[in-house]
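Read through the structure below, which is laid out as structure tokens, and then see the notes.
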Amino acid sequence: MKNWAGAVDENPEVVQAPGLDRRARVRTQLGYQGPGRSRPPMDKNHAPADGMEPVHVPFGHIVANEKWRGSQLAREIQGKIKLVFEDGLTVVDFYLSSRSCILYITEADLVAGNGYRKRLVRVRNSHNLQGIVVVEKTQMSEQYFPNIQKFTVLDLGMVLLPVANQAEASCLIVQLVQEQTKEPSKNPFLRKKRAVLSEPFLLRTVQQIPGVGKVKALLLLQKFPSIQQLSNASIQELQQVVGQAVAQQIHIFFTQSR
């Protein structure tokens, strides 16, 4: 199994995406065409090594890749949260904050092959971004889902959230933004509780393992609070939590990808 703490090697044939267009303009859903931007121009000589510049995301907004303009996903999000479109985003689909982003894998992306992997690896190796992968798991793409699940969760250690369609994806993305924009409490214990907001998404990820429903997933996460710990657990350790049959299924699921 790959080293979780280290960077993942990129395909040597991958050509680094060009820098962002300095003249790109931020367009809001109201059709604003002024000079506002979600980030200032950056000198190419000072661009980050990973090719992805930091993006300023206004409070309570989402910065979206221009390619999503006019899509069902964008329309659904615009009805709930202010959406800002920007040209020149080559890797990320949606920025929730300057350090948190969404990589959206469509049904067509899954069916087409493994082209999406290059984008995921670039974000995984970035020191500036925490990426969440949202993937369309439909009747057509379901057969390809195990591959992206194992690559994303096991090889890269990223959060993977399956959705049935773009309408469901919009609700999920809006929920993520709303969680991030909540006022932090002055109570240190409540602040500590807020830091575990990824638990619902981790729960959904564990539920994708064959034979593991919500109840078993909750029991597993109580014993093994991370994917890394769960994947390294022995059959005997798993058996104490979910029984022999499911323990063997979990063990097979993780070891097949190593």
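The values are calculated or read from the model by the stated rules, or taken from the named source; none is laboratory data. In this text the structure is predicted, and so the values were computed from the model without any measurement. No Cβ is skipped: glycine too gets one built from the backbone with ideal geometry, and neighbour counts run over all protein chains shown.
The figures follow:
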read-out: For Leu197: the one exception among (1) aliphatic (A, V, I, L, M); (2) under 20 Å from Leu96 (Cβ atoms); (3) assigned to a loop (DSSP other than H, G, I, E, B); (4) at pLDDT 85 or above; value: (4)
read-out: Residue that is nearest to the chain's Cα centre (by Cα) [pool: residues in the range 220-238 that are at pLDDT below 90 and buried (at least 16 other Cβ atoms within 10 Å of the Cβ)]; value: Ile227
read-out: Scope the range 88-129; condition touching a helix residue (DSSP H, G or I) at 6+ places or on another chain (Cβ under 8 Å) and among the aromatic types (Phe, Trp, Tyr); matching residues; value: Phe94, Tyr104, Tyr116
read-out: Residue count, the range 128-146 (criterion: within 24 Å of Gln175 (Cβ to Cβ) and either modelled with pLDDT of 90 or more or not polar (S, T, N, Q) (or both)); value: 12
read-out: Pick from the range 156-190, criterion at pLDDT below 85 and hydroxyl-bearing (Ser, Thr, Tyr), ranking: nearest to the chain's Cα centre (by Cα); value: Thr181
read-out: Flag if Gly19 is in the same structural domain as Leu172 (by TED's automatic domain parsing), modelled with pLDDT of 85 or more and small (Gly, Ala, Ser); value: no
